[in-house]
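Everything below concerns the one structure shown next.
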Amino acid sequence: MEVLQQPYPEFLTLPAPMKNNWLPGIVVLVLLCCAFGKQPSLRLFEIKGYAQGTTYSIVYYAPDSLVSQQQTDSLLQRFDKSVSLYLPQSLICRFNRSQKGIRVDDVFRVLVSRALQISHATGGLVDPTVKPLVDAWGFGVFKSDHEPGKEEVKNLLRQVGANKIRLEGDFLYKTVPGVQLDLNGIAQGYSVDLLADLLERHHIHDYLIELGGELRIKGHKPGNEPFRVGIEGISGDDLDPAPMRQVIEPGDGAITTSGNYRKHHEAGGKQVSHLMDPLTGYPVQNEMISVTVYARDAITADGYDNGFMAMGLQRSLAFLAKRKDMGAYMVYRRPDGRIADTVSTFFKGYQHKTE
Amino acid sequence: MERRTFLKNTGLLSGGLLIGNKLSALQPAGEPIKIAVIGCGDRGTGIMNILNGMPEQFRITALCDVLDFRLTAAQKLVKTGTVKTYIDYKKLLDDKEVDAVIVAVPLYLHYPVAADVIRSGRHLYLEKTMTYTIDQALDLVTLMHGRNEQVLQVGHQYRYSPLYYRVKEMIHKGYLGKVTQVDCRWDRNGNWRRPVPNPALERAINWRMYREYSGGLVAELLSHQIDFINWAFDTHPQEFFATGGIDVFKDGRETYDNVQLMLRYPDPGLIGNFGAMCGNAHDGYLFKIKGTLGTVSLLTDQGMFYPEKKFLSEKGTVDGVTGATRIVWNKEGGTPILPEATKDGTCYAFNDFYQKIKRRELPDSNVFTGARTAISVHLANQALYSQKVCSWDSSYKIG
């Protein structure tokens, strides 16, 4: 993995001013300096890396390589030490093993408090305490070998619920010893926000960050060109990817996607989604195939996308009608089996196309 | 397309075998198949261990081996009721409590034992390579002619795993583009010998070391990959180039411990590089299929797909892509072909053997594909030991 450098396109090259015609030339030069004078020599930098079991990539325009892969890798490694379920010594794993809770760090605290807010806003359809269900349905770190029965689900639900944890200062309490957290539905988005903060701290204002399909965007490409984002096709076949469903230009903000087309398994002849409904204890089963959410930051977009998957199409549209800071593009299966898509009012950068 | 070797593929691709990592959904019905094992060496007992885990499908009723200590050891493995033991396989074939027979004897004995099993009317699971010589392979094809009620499956078990079915499907769907080379290795750093309790048994136990009994590394190891390429591309090599020697273990063995084959497949426009040796284990099992669009890299139980780099960067006109999180295993842009490692290929092979017997259908690894691979292996060995380029003779009538 290396930081790739490419020279910025040579838009500053001007035709030599003609004799007796200096003035217009100078005017053009001055205008260009006004337009681009703040950052006269922006160059493209690219970072490509591996984190959270997936890939990440950062593209930014800056006068120099202000942020290196070493910095982004180390940020993401620190992040894993807080909330990765794959590291047995991470804070989240220690919390899960604890009887009453533990003292948490800033990352953990921000994630939990945001997850609790979103849980409340979605009527409990997303829930940070969903881990026992995720494990029981075979999507956890350690795979369960059977499908849970009615009784088992009922018992598991006793350990699930946002009211079973409480944050006081930097101490996160459990009110039931069996409570276990899974922040995977929101953490990836937040890690993208933290990468964006890192870039901002280094005065980088034109970037696109992508980690596991979750994005943060700011500014423009050279020539005031917007960043363009493809919404992946839903074949779920990484060996033969489907063409992009849509290409959008969302501008500043975050784009995340939740979909059941890639991660699911089969049991008893039907597909089991990896998304759990924390209210019923069963995997989400409705018309939704994927939801792409726009919000100002990725913790919000990522925090809500699973909720929209669980709400289903109509409830999501009704929910989003009241929110001017958030929008969604949704792919769903119609009752006749055909795949359709729709978009909420405030989904930014979407060009309505006629089919 | 070679007609008869290509039967029945579609059903398997769309059927239960490929869904997840689970075995097919067909529930065992009725009595388990009464099965006998002729040849209770490493492979025979290895299969018995697998069958012990499939009690609803198979019950081991009889065992045969010429070495009594092996017979005694094998008898102890049987977990599914009583078992009769035989020194003479012909006596075993008179046993009425035998519906199907596994033949796992040294290669030179495959043909005589298999032919007797077929004539006895039993279903047959015949270890690879199907036969030692070309004529024997063609004879078994003739012998199976018209025996539609009898199932003969050849033990190229690796290709029965869902992973290898998926790769075959990927090749057919053109995911790899135009495939022009395959690289295969099966290396070890060791003498490939089995312990011999009594020097008199050296040739019986270490039969793989002697050309009279064995086709060496090509027949015992590389045949799996040769068979997969034949099957996946529905073809066979036309020209055989080979070199090798006894370079590591000069211990009286006759079969080479260092071999390299170059096979030319003119129909698909393909070169196959197959190598095996006993003097370095770094690569171990290696299987790469290389096309204009990407490479498949396989182990026996897991595989990766690497799109060609120029296509990775061609995201089109977008700067980023949003989607459900994609799981990758490494930093080189590879994508796992199946989400989890598969089980031992023998499990899938015997699950399918059971189903094919119940349905009286032609297995995917059948007498025709088995003959094609046996002839390929034999010609490769001929090229290896004669230091001549050998060619497939159009007079071989398989299908």
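Just to be sure I understand the model, the point goes 7 Å from the Cα along the line to the Cβ. What's the resulting residue A:41 to residue A:110 distance in nm?
Here the answer is 3.4 nm between the modelled labels.
So for segment A:77-184, if I pair up every lysine 8 or more residues apart or on another chain, how many of those pairs have alpha-carbons under 23 Å apart?
18
For residue B:397, give me every one of the aspartates and glutamates with a C-alpha distance below 17 angstrom, ignoring sequence neighbours fewer than eight places off in its own chain.
B:2, B:135, B:139, B:234
Can you give the FRET efficiency to the nearest 0.05 for residue B:397 and residue B:66, using r as the Cβ-Cβ distance and R₀ = 30 Å?
The calculated FRET efficiency here is 0.30.
Please report the antiparallel percentage of DSSP beta bridges with both residues in chain B, rounded to the nearest 5.
Just about 55 percent of them are antiparallel.
Quick query: amide H of residue B:284 versus all other amide H atoms, modeled in the peptide plane; which residues come in under 5 Å with a sequence gap of 5 or more or a different chain?
Here the answer is B:187, since their amide H atoms fall under 5 Å of that of residue B:284.
Can you tell which of B:237, B:162, B:307 shows the greatest fluctuation in a Gaussian network model of chain B with Cα springs below 10 Å?
Highest fluctuation among the options: B:307.
Please work out the FRET efficiency for the pair residue A:144 and residue A:78, using the Cβ-Cβ distance as r and a Förster radius of 22 Å; give the result to the nearest 0.05.
Numbers: r = 30 Å, r/R0 = 1.38.
It comes out at approximately 0.15.
Considering only DSSP beta bridges where both residues belong to the protein assembly as shown, give the percentage that are antiparallel (nearest 5).
Close to 75 percent.
Would you check segment B:225-323 for Lys pairs whose C-alpha atoms are within less than 25 Å, ignoring same-chain pairs closer than 8 in sequence, and give me the count?
Lysine pairs, 8 or more places apart or on different chains, close enough: 5.
Report, in whole Å, the centroid distance computed from the Cα atoms of segment B:151-211 and segment B:365-399.
16
For labels at residue A:68 and residue A:242 in the simple 7 Å Cα→Cβ model, what's the distance in nm?
That separation, rounded to one decimal, is 4.3 nm.
Provide the per-residue ³J(HN,Hα) series for segment B:89-100, in order, calculated from phi with Karplus coefficients 6.51, -1.76, 1.60 and θ = phi - 60°, each as a whole number of Hz, with x at glycine and proline positions.
Coupling constants for segment B:89-100: 5, 5, 5, 4, 6, 7, 6, 6, 8, 10, 9, 9 Hz.
For the protein assembly as shown, report the % of Cα-Cα distances exceeding 46 Å.
Details: 106690 of 283881 pairs.
Value for the protein assembly as shown: 38 percent of Cα pairs lie more than 46 Å apart.
Quick one: grab the alpha carbon gyration tensor of segment B:251-306, order the square roots of its eigenvalues as a ≥ b ≥ c, and give me rounded if a/c is under 1.5, else prolate or oblate depending on whether a/b is larger than b/c.
In terms of gyration-tensor shape, oblate.
Amide H of residue A:144: which non-local residues (sequence gap of 5 or more, or other chain) have their own amide H closer than 5 Å, using H built in the peptide plane?
Excluding prolines and chain starts, which carry no amide H, the hits are A:138, A:139.
In nm, to one decimal, how far is the modelled label at residue A:89 from the one at residue B:52, with both set 7 Å along Cα→Cβ?
4.0
Go through segment A:35-96 and name the trypsin sites (Lys or Arg not before Pro) that are in a DSSP coil and have 14 or fewer other Cβ atoms within 10 Å of their Cβ.
In loop regions of segment A:35-96 (DSSP not H, G, I, E or B), the sparsely surrounded trypsin sites (Lys or Arg not before Pro) are A:38.
Give, as ranges by residue number, the residues of segment B:350-384 whose backbone N falls under 17 Å from the point 7 Å along Cα→Cβ of residue B:79.
Residues B:350-351 fall inside that zone.
For chain B, what is the relative contact order in percent, using Cα pairs closer than 8 Å and at least 6 residues apart in sequence? Walk me through the intermediate numbers first.
Numbers: 807 pairs, mean separation 83.6, N = 399.
RCO, chain B: 21 percent.
Find the centroid of the Cα atoms in segment B:34-95 and in segment A:46-72, then give the distance between the two in whole Å.
One Cα centre to the other: 60 Å.
Readers should treat all values here as calculations from the given coordinates under stated rules, not as data from a laboratory. Every value quoted in this text rests on a predicted model; they were computed, and no experiment measured them. Here Cβ is always computed from backbone atoms with ideal geometry, including for glycine, and neighbour counts include all displayed protein chains.
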